[in-house]
Amino acid sequence: MKRQIISSGAPWEATVGYSRAVKVGPYVHVSGTTAVDTNGQTMHPDDAYGQTIYILNKIKRALAEANATMADVVRTRMFVVDIAEWEEIGRAHGEFFADVRPAATMVEVSKLISPELLVEIEVDAFLDDGED
């Protein structure tokens, strides 16, 4: 099957050896995504809801490059540094997925790669038309 690699253009992709997303056949896997812009700046520090919205919009753009939409998402995984903020994170998630209702996991982790980051999200999508 054809493999499509989707890059965000971040310089650390080559250093670490990963892609923003990878599409193989009808499957699209989006890597753990944080609220960091293309200049390496953390967006919405101290705002889990704002970071979640920013992240989900980044994911939406990555999916679009793979000819997928948020409606194609079948699984989300949310890693959060403070589970007490689950309602704000969940509310943002619901704004994107209320009708899609993918299988979802939210777990608390001790920390992410930068102390300003509060949320990291990865998703899996399936294109039922099988287009590559």
Qualifying residue in segment 50-61 (condition: over 17 Å from Ile6 (Cα atoms) and hydroxyl-bearing (Ser, Thr, Tyr)): yes
Total residues in segment 26-84, condition of a type in the set (A, V, I, L, M, F, W, C), assigned to a strand (DSSP E or B) and buried (at least 20 other Cβ atoms within 10 Å of the Cβ): 6
Single match in Lys23, Lys2 (criterion: of a type in the set (D, E, K, R), farther than 18 Å from Ser114 by Cα and at pLDDT below 95): Lys2
Pair list, Cβ < 7 Å and 6+ apart or interchain, from segment 86-111 residues that are free of Cβ contacts under 8 Å to residues at least 60 places away in the same chain and charged (D, E, K, R) to residues that are crowded, with 17+ Cβ neighbours inside 10 Å and part of a helix (DSSP H, G or I): Glu88/Ala48; Glu88/Tyr49; Arg91/Tyr49
Residue in segment 117-129 that is without any contact (Cβ under 8 Å) to a residue 60 or more places away in the chain and either in a helix (DSSP H, G or I) or among the aliphatic types (A, V, I, L, M) (or both) present: no
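Conditions (1) under 23 Å from Lys23 (Cα atoms); (2) touching a Pro at 6+ places or on another chain (Cβ under 9 Å), marked per residue:
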| position | (1), (2) |
| --- | --- |
| Gln51 | no, yes |
| Leu56 | yes, no |
| Lys60 | yes, no |
| Leu63 | yes, no |
| Asn67 | yes, no |
| Val81 | no, yes |
| Leu127 | yes, yes |
Subset of segment 1-25 [surrounded by 15 or more Cβ atoms within 10 Å (Cβ to Cβ), among the hydrophobic types (A, V, I, L, M, F, W, C) and outside any strand (DSSP E or B)]: Ala10
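The values are calculated or read from the model by the stated rules, or taken from the named source; none is laboratory data. It should be emphasised that the depicted structure is a prediction, and the values quoted were computed from it without experimental measurement. Quick reminder, even Gly has a Cβ in these numbers, built from the backbone with ideal geometry, and neighbours come from all protein chains shown.
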